[in-house]
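What follows is a short report on a single structure.
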Amino acid sequence: MPIAVALFDLDDTLFDHHHATNVALKTVFQEYIAPSDIPFDDFASVHLELMDRLHHQHMVLGRLSLGQVREIRFEQLLAHFGLDLPHTPAQLAARQRSVFLENRRLIDGARSLLEALRAQGIQIGIVTNNMLNEQIDKLAHLQIANLIDQLITVDMVGAGKPEPDIFHYALHRHHCKPEQAVMVGDSWPNDVIGAHRAGIRPVWLNRHHQARPDATPCVEIHQLTPTDEALDAILNGPV
């Protein structure tokens, strides 16, 4: 059955979240942490672990607000390295957030790919584990909101990827069957496994050339360019 709907993850699939986060964290590190003997890579690694854990508590369990997540992340980060700074975790979090917002950008080829899909009459949806207001602002800043037919977020559904509910909700909003849709994303557990279990063909955007964690069938691409190659993989790749 021909593909009628292309579903995309947003962060690190269309939006270069890694770039914005890395620039922001390096800025905070250089301005506040660098006089110490802590290697940046160690600092960034612990930051990533905290971000993933606190994100789960906020998005999935609903225990923390985004503001609390950002502040607690730096509070625990400083505690982990035994840092006693004259600046509060809230100040560090605010600085990181400011730089993050200034450095938001699309992944190379994202806009051209979305435009090519639209030109072929394909509906485009975003399925994300982030919050509605955050992602609306992001799409507006990236200037691709006009290319998106449906934005499906974790707080709209009350469940996130890889749970089937969020995929089923996306299919319902697009009025299509699972076999008419494809899901493009960078996360193996959330996007590949989640889509596969919902009956949707997954396309794994593996920009960092990671090994496949298991034998789940999927199309694998490493970038969104050239547009014609990415388009062909998404629409015509093996089931």
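The values are calculated or read from the model by the stated rules, or taken from the named source; none is laboratory data. If you're wondering where the values come from, they're calculated on a predicted model, not measured in any experiment. In this analysis, Cβ positions are derived from the backbone assuming ideal geometry, glycine residues included, and neighbour counts consider all displayed protein chains.
Within the range 60-93, which residues are polar (S, T, N, Q) and modelled with pLDDT under 90? Outline the logic, then answer.
Going through the range 60-93, the residues polar (S, T, N, Q) turn out to be 65, 68, 76, 88, 91.
The answer is Ser65, Gln68.
Residue-level check: of (1) farther than 17 Å from Leu114 by Cα; (2) touching a residue at least 12 places away in the same chain (Cβ under 8 Å), Asp165 misses just (2). Looking at Leu85, Leu54, can you tell me which residue is surrounded by 16 or more Cβ atoms within 10 Å (Cβ to Cβ), out of contact with any strand residue (DSSP E or B) (no Cβ under 9 Å at 6 or more places or on another chain), of a type in the set (A, V, I, L, M) and not assigned by TED's automatic domain parsing to the domain that holds Pro162? After applying the criteria, what remains is Leu54. Scanning for something of a type in the set (Gly, Ala, Ser), buried (at least 17 other Cβ atoms within 10 Å of the Cβ) and either touching a residue at least 60 places away in the same chain (Cβ under 8 Å) or farther than 30 Å from Asp37 by Cβ (or both), does the range 132-155 turn up at least one residue? No: the range 132-155 contains no residue that is of a type in the set (Gly, Ala, Ser), buried (at least 17 other Cβ atoms within 10 Å of the Cβ) and either touching a residue at least 60 places away in the same chain (Cβ under 8 Å) or farther than 30 Å from Asp37 by Cβ (or both). Assessment of the range 12-29 against the conditions (loosely packed, with under 13 Cβ neighbours inside 10 Å and either farther than 26 Å from Leu139 by Cβ or modelled with pLDDT under 85 (or both)) yields no matching residue.
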